[in-house]
Amino acid sequence: MNQRVLVGFIGTGKKAKDEGADTYEKTTYRFPDGTEFKTSLITSILIRKLNPDKVVLIGTNKSIWCELAQIQPQTLEGSPLYEKIFNECFYEGNTKKETLKEWEEFLTKSLGKEFSLNIVTESAKEEIVEVLWREVQGSYEELYLDITHAFRHFPLIASFFLPSLYYLKRFKNLYIIYGMLGTEVSDVIFLDVVNKLVKLNEAIALSEHSGNFANFGEIFPELKEEFLDLYLKVETNRRIGNSRWRKLSQSLEGISGSAIKEVSRAYLSDKVIKELTEENLPLRMAKRAIFFADRFQFLKAYTLIFEALINTQPSTLEYNERKQRLESSLNSEDITLYHTIRRIRNAIAHGDENVPQEIKEILNSPEKLKEWVKKGYELVKKLTTS
């Protein structure tokens, strides 16, 4: 398995101010370990420091592609190809794609690692996504994104695409690297916080769209087992007393930490604990039915709302006895509502096409499907409070 892939951008660079010097302006970069390097292209140093298995670089035809020779000057700068690409970069300001392809192959062969050098237009947007999707293939443990150079929108687009790459490729770690320009020395920052932000987004998105809040255990590892157990109980309709939800809230409040944990606490309090704090099983099921209906997950929604109606009857009775008792206790309006929900539920659960026209019309309308779940919720509330 390949371990690391480095993604970066190459800008146009500035020519050195010394009159007659055939070089680009250099900056001294200081890494977290205290080492310093003077270079016109931080990418060349990152390749030496990180030793990635693959390097994916994006720039324009005006970028200083020749400066990649700084990775190993004694090997690369003496070649005729270097002279060719240096002339195109420095004097002509227009690197030809054919020359860049030769340079890519030369770097790969000379340095023993895979290079992918990609020219895009100055206004590139989806081109950047296409390059990353095409070139970041295979299995990697870590992805490093260097955002130091190039037009600002290039690394911005790549940063937004990082979470998608993470989910599709399942990297273990993501890092954004930035050479923060200083007056004398520019500090190189490794933004490992991106891993925590990806986990936060994943936890919120999963909870928001599926109701699964167990991934918050990745943000609060000391409560990981508690989140897993609570979610299992929610999904299996086990009774969870309000005292346990209060205990979870207290545990969360007792954990000091970063803003990421503060955001997580706020989300859990407002969108999970408050929604699921309900001693009454039928009402809790009915609430979740609305949750899934709002997200067009109608199989779950109608299974829950139908069973919530059945569970308004005493749990000491057998299932069929509860159904019979429910039907016998409903007035004419409510029995019609119950039968409609049952027919919708059966049609969805069994894929039944042979249904009355009224049910077909409901099945063909997301809004009507939501409406009938909400009617079921009101009936559950009525039955549990009467």
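The values are calculated or read from the model by the stated rules, or taken from the named source; none is laboratory data. Only a predicted model underlies this, so the values are computations on that prediction, with no experimental measurement involved. Here Cβ is always computed from backbone atoms with ideal geometry, including for glycine, and neighbour counts include all displayed protein chains. Only protein heavy atoms, including side chains, enter the accessible area calculation; ligands, DNA and RNA are left aside. Shrake-Rupley method; radii C 1.70, N 1.55, O 1.52, S 1.80 Å.
Among the residues of the stretch 348-385, those that are over 23 Å from PRO282 (Cβ atoms) and of a type in the set (A, V, I, L, M, F, W, C) comprise VAL355, ILE359, LEU363.
Can you say whether ARG48 is at pLDDT below 95 and either in contact with a strand residue (DSSP E or B) (Cβ under 7 Å, 6 or more places away or on another chain) or crowded, with 22+ Cβ neighbours inside 10 Å (or both), as far as the supplied structure shows?
Details: at pLDDT below 95: yes; either in contact with a strand residue (DSSP E or B) (Cβ under 7 Å, 6 or more places away or on another chain) or crowded, with 22+ Cβ neighbours inside 10 Å (or both): no.
Spelling it out, it is not the case that ARG48 is at pLDDT below 95 and either in contact with a strand residue (DSSP E or B) (Cβ under 7 Å, 6 or more places away or on another chain) or crowded, with 22+ Cβ neighbours inside 10 Å (or both).
Scanning the stretch 262-284 for residues that are modelled with pLDDT of 90 or more and not basic (Lys, Arg) yields GLU262, VAL263, SER264, ALA266, TYR267, LEU268, SER269, ASP270, VAL272, ILE273, PRO282, LEU283.
Could you list, in sequence order, all residues of the stretch 341-368 that are β-branched (Val, Ile, Thr) and closer than 19 Å to LEU304 by Cα? Don't jump to the end; show me each part of the working.
First, the residues of the stretch 341-368 that are β-branched (Val, Ile, Thr): 341, 344, 348, 355, 359, 362.
Selection gives ILE341, ILE344, ILE348, ILE359, ILE362.
For the stretch 360-371, a residue qualifies if it is without any contact (Cβ under 8 Å) to a residue 60 or more places away in the chain and crowded, with 16+ Cβ neighbours inside 10 Å, and the qualifying residues are ILE362, LEU363. Cβ-Cβ distances below 9 Å connect the following pairs, each with a first residue in the stretch 43-70 that is of a type in the set (Phe, Trp, Tyr), a second residue that is assigned to a helix (DSSP H, G or I), and a separation of six or more residues or different chains: TRP65/ILE85; TRP65/GLU88; TRP65/CYS89; TRP65/THR99; TRP65/LEU100; TRP65/TRP103.
For residues in the stretch 139-191 being in a loop (DSSP other than H, G, I, E, B) and hydroxyl-bearing (Ser, Thr, Tyr), which is surrounded by the fewest Cβ atoms within 10 Å (Cβ to Cβ)?
At the first step, the residues of the stretch 139-191 found to be in a loop (DSSP other than H, G, I, E, B) are 139, 147-152, 170-172, 181-185.
Filter once more, so that each one left must be hydroxyl-bearing (Ser, Thr, Tyr): 139, 148, 183.
Working: SER139: 10, THR148: 23, THR183: 5.
Within the stretch 139-191, the match that is surrounded by the fewest Cβ atoms within 10 Å (Cβ to Cβ) is THR183.
If you go through the stretch 283-306 and keep only what is in contact (Cβ under 8 Å) with a residue 24 or more places away in the chain, within 14 Å of ARG342 (Cα to Cα) and either open to solvent by 40 Å² or more (accessible area, probe 1.4 Å) or out of contact with any helix residue (DSSP H, G or I) (no Cβ under 8 Å at 6 or more places or on another chain) (or both), you end up with LEU299, THR303.
Looking only at the stretch 55-81, which residues are open to solvent by less than 10 Å² (accessible area, probe 1.4 Å) and either under 18 Å from LEU145 (Cβ atoms) or of a type in the set (Lys, Arg) (or both)? I'd like the intermediate steps shown before the answer.
Of all residues in the stretch 55-81, those open to solvent by less than 10 Å² (accessible area, probe 1.4 Å) come to 55-60, 63-66, 68-69, 76.
VAL55, VAL56, LEU57, ILE58, GLY59, SER63, LEU68, listed by residue number.
The condition of being open to solvent by 60 Å² or more (accessible area, probe 1.4 Å) and without any contact (Cβ under 8 Å) to a residue 40 or more places away in the chain does not hold for GLN3. Looking across the stretch 82-115, just one residue is assigned to a strand (DSSP E or B) and buried (at least 18 other Cβ atoms within 10 Å of the Cβ), and that is PHE115. Of the residues making up the stretch 266-282, those that are open to solvent by 20 Å² or more (accessible area, probe 1.4 Å) and more than 14 Å from GLY241 (Cβ to Cβ) are ALA266, TYR267, SER269, ASP270, LYS271, LYS274, GLU275. Taking the stretch 94-116 as the range and being free of Cβ contacts under 8 Å to residues at least 40 places away in the same chain and among the small types (Gly, Ala, Ser) as the test, the residues that pass are SER110, GLY112.
The residues of the stretch 241-261 that are surrounded by 11 or more Cβ atoms within 10 Å (Cβ to Cβ) and either part of a helix (DSSP H, G or I) or modelled with pLDDT of 90 or more (or both), listed by number, are ASN242, ARG244, TRP245, ARG246, LYS247, LEU248, SER249, SER251, LEU252, ILE260, LYS261. Could you tell me whether the stretch 216-224 includes any residue that is among the basic types (Lys, Arg) and at pLDDT 90 or above? Yes, the stretch 216-224 contains a residue that is among the basic types (Lys, Arg) and at pLDDT 90 or above. Checked against (1) modelled with pLDDT under 95; (2) crowded, with 19+ Cβ neighbours inside 10 Å; (3) over 32 Å from the mean Cα position of the chain (by Cα), SER329 meets all criteria but (2).
Within the stretch 11-45, take every residue that is of a type in the set (S, T, N, Q) and in a loop (DSSP other than H, G, I, E, B) and give me the one that is surrounded by the most Cβ atoms within 10 Å (Cβ to Cβ).
Kept after step one, since they are of a type in the set (S, T, N, Q), are these residues of the stretch 11-45: 12, 23, 27-28, 35, 39-40, 43-44.
Add one more test, that the residue is in a loop (DSSP other than H, G, I, E, B), and what stays is 12, 23, 35, 40.
Values: THR12: 18, THR23: 12, THR35: 11, SER40: 20.
Result: SER40.
Kindly provide the set of residues from the stretch 192-230 that are open to solvent by less than 40 Å² (accessible area, probe 1.4 Å) and over 30 Å from TYR144 (Cβ atoms), ordered by number. Listed by number, the residues that qualify are SER210, GLY211, ASN212, PHE213, LEU223, PHE227, LEU230. If only residues of the stretch 231-240 that are of a type outside the set (Val, Ile, Thr) and more than 15 Å from VAL272 (Cα to Cα) are counted, the one that is surrounded by the most Cβ atoms within 10 Å (Cβ to Cβ) is ASN237. Among the residues of the stretch 323-372, those identified as more than 20 Å from THR384 (Cα to Cα) and basic (Lys, Arg) are ARG343, ARG345, LYS360, LYS368, LYS370.
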